[in-house]
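Could you have a look at this structure, given as structure tokens, before my questions?
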Amino acid sequence: MLSKEIRNHFPILDQEINGHPLVYLDSAATSQKPQQVIDALTKYYAEDNSNVHRGVHSLGNRATEGYENAREKVREFINAKSTQEIIFMRGATTALNTVAQSYGRANVGEGDEIVITYMEHHSNIIPWQQLAKEKGAVLKYIDLEEDGTLSLDKVRETVTDRTKIVSVMYVSNVLGTMNPIKEIAEIAHANGAVMVVDGAQAAPHLKLDVQKLDCDFLAFSGHKMCGPTGIGVLYGKKELLNQMDPIEFGGEMIDFVGLYDSTWKELPWKFEGGTPIIAGAIGLGAAIDFLREVGLDKIERHEHELAGLAMEKMSEIEGLQIYGPVDPKKRAGIVTFNLEGVHPHDLATVLDMNGIAVRAGHHCAQPLMKWLDVSATARASFYLYNTEDDVDRLVEGLRMAKEYFQ
């Protein structure tokens, strides 16, 4: 387990909710921010605030240096070959939409296939739905095993030589399932398809290596990994990004503008139209520094242990059902559940009255809810600042809720 002292880096955790010390178990929705990230944002706005790439004055130079240094930190964080492969965007949603609208529109035609899974977040479903409708393509789903995992045999059955794009989340935001991305990418490439990875739930918790995974595109958000909201990353292999056209046009991303035609800057800037998310990128860089200092391997082990402990103790509560892989080593620090006879929203409300923050609803995964045959679930998601005490408080809160509603 990680030291409880890590909590001291997160000022928001030092408060009471409804008269109880806060237990924050909603990091899959958004993580809390360490003081280092808050300080980095404050320093930028207080000392270095300026637009980037344009001015030659000192503030502009400092802002540009901070922005581009953050890009290098992201490159190292995911082991990309070049900073030209790192595009700053508003979030994982924008990144996935960019792949669909730029690469997808140019490479998917009538009768071609796009393959995803039933566990995807809406942001990795709807862009492909829209592309399939526009192009007359076929959207196919890889079915799940009974425990919410993916079978490579079913991947091979679903992906064919008509498949152009395979897009799969690395870690399920509902089931916690950790998918075999490297092996799925091999299957996609063997059939001539590109591999797109939704890494929103993976980047905060796992050590990522895009070269080992051999994915063609990877999308993730800063706010789930101790960074600010409004900043995310699209990684793409340089040869693919060079073939793609930008989908947003304006300042910053142009090389030359004439009366009737324009040319674009080189990578990565051709995809970063307008004033970029400067403070967000600098804050994300600070978050990466923090996570690397703690150690992604340690964070992953810590979450596995907490999830395993939570599942063990929660399974003792009669009428409580946990969804996803039974083996904690096959899942990230996410435990999604329902308590018989209690709506998830009511359950979350009672827990909140005891200072415990969990998520309730369909978690932007309605097709998965249908597959699970439920309308909604409750979800506790653990991160590096959670402790065994938080698990005990959750279990105690669930027992109190069960007694209250009975």
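Please give the charge dipole size of region 62-144, origin at the Cα centre, charges +1 on K and R Cβ atoms and -1 on D and E Cβ atoms. Round to the nearest 20 debye.
240 debye
Next up: Given the options His205, His304, His343, state which has the largest fluctuation in a GNM of the chain using a 10 Å cut-off (strictly under) for Cα springs.
Maximum among the listed residues: His343.
Taking +1 at the Cβ of each Lys and Arg and -1 at the Cβ of each Asp and Glu, which of Ile184, Ile165, Cys226 sits farthest along the dipole of region 158-234 towards its positive end, judged by Cα position relative to the Cα centre?
Going by the Cα projections, it comes out as Cys226.
Let me ask something additional. Rounded to whole Å, give me the distance from the Cα center of region 325-356 to that of region 1-34.
17 Å
May I pose another question? So which of Lys73/Lys238; Lys212/Lys265; Lys43/Lys298; Lys238/Lys298 end up more than 26 Å apart, counting from Cα to Cα? Please list the in-between numbers first.
Numbers: Lys73/Lys238 18 Å; Lys212/Lys265 29 Å; Lys43/Lys298 29 Å; Lys238/Lys298 31 Å.
In this structure, Lys212/Lys265; Lys43/Lys298; Lys238/Lys298 lie more than 26 Å apart at Cα.
Taking R0 as 56 Å, what FRET efficiency do you get between Asp352 and Lys212 from their Cβ-Cβ distance, rounded to the nearest 0.05?
After rounding, the FRET efficiency stands at 0.85.
As a test, work out the antiparallel percent of DSSP beta bridges whose residues both lie in region 38-292, rounded to the nearest 5. Walk me through the numbers before you get to the answer.
Numbers: 13 of 29 bridges.
If I count the DSSP bridges inside region 38-292, around 45 percent turn out antiparallel.
Check cross-link reach from Lys370 to the aspartates and glutamates: straight Cα distance under 16 Å, and skip same-chain residues fewer than eight apart.
Hits, sequence-local ones excluded: Glu120, Asp143, Glu145, Glu146, Asp147.
Starting at 0 and stepping by 20 Å, how many percent of the alpha carbon pairs of the chain end up in each bin?
All Cα pairs, binned at 20 Å, distribute as 27, 55, 18, 0 percent.
Quick one: length gained pulling Thr42 to Ser3 fully straight, 0.36 nm per residue minus the C-alpha distance?
Roughly 11.3 nm would be gained on extension.
Here's another thing I want to ask about it. Arrange Asp26, Asp209 by Cβ neighbour counts within 10 Å, fewest through most, would you?
Taking fewest neighbouring Cβ atoms as first place, the list is Asp209, Asp26.
Right, next: What residue among Ile116, Trp264, Leu175 has its Cα farthest toward the positive end of the dipole of region 38-292, where the charges are +1 on Lys, Arg and -1 on Asp, Glu, each on the Cβ?
The residue sitting most towards the positive pole is Trp264.
For region 280-403, what is the per residue volume of the convex hull drawn over the alpha-carbon atoms, in cubic angstrom?
126 Å³
Measuring from centroid to centroid over Cα atoms, what is the spacing of region 135-184 and region 41-100 in Å?
32 Å
Charges only on Cβ, +1 for Lys and Arg, -1 for Asp and Glu: so what's the dipole of the chain about the Cα centre, in debye to the nearest 20?
640 debye
Tabulate in residue order the Karplus-calculated ³J(HN,Hα) for region 140-156, using 6.51 cos²θ - 1.76 cosθ + 1.60 with θ = phi - 60°, rounded to whole Hz; enter x for Gly and Pro.
10, 10, 7, 6, 9, 6, 4, 8, x, 9, 9, 9, 5, 4, 6, 4, 5
May I pose another question? Once you have a ≥ b ≥ c as the square roots of the Cα gyration tensor eigenvalues for region 1-136, tell me rounded if a/c is under 1.5, and otherwise prolate or oblate according to whether a/b is larger than b/c.
oblate
If you don't mind, there's one more thing I want to ask. As a test of the formula, what do you get for the chain when each DSSP H run with n ≥ 4 contributes -39,500 (n - 2.57) and the sum is divided by the residue count, at 222 nm and rounded to the nearest 500 deg cm²/dmol?
-11000 deg cm²/dmol
Using Cα atoms only, what is the angle between the long axis of helix 126-135 and the major principal axis of the chain, expressed in degrees (0 to 90) to the nearest 10?
Value to nearest ten degrees: 50.
Work through the residues other than Ala137 whose Cβ is under 13 Å from its Cβ and net out their charges, Lys, Arg +1 and Asp, Glu -1. Can you show the working numbers first?
Working: positive: Arg105, Lys133, Lys135, Lys140, Arg162, Lys164; negative: Glu110, Asp112, Glu113, Glu134.
With Lys, Arg at +1 and Asp, Glu at -1, the neighbours total +2.
Give me the one-decimal nm value for the distance between modelled label points at Tyr141 and His189, 7 Å along each residue's Cα-to-Cβ direction.
Taking the two extended label points, one gets 2.9 nm.
Here, each number is a calculation from the coordinates, and none is a lab measurement. Note that the coordinates shown come from a computational prediction; the quantities given were computed from them, not determined experimentally. All Cβ positions, even for glycine, are placed from backbone atoms using ideal geometry, and neighbour counts span all protein chains on display.
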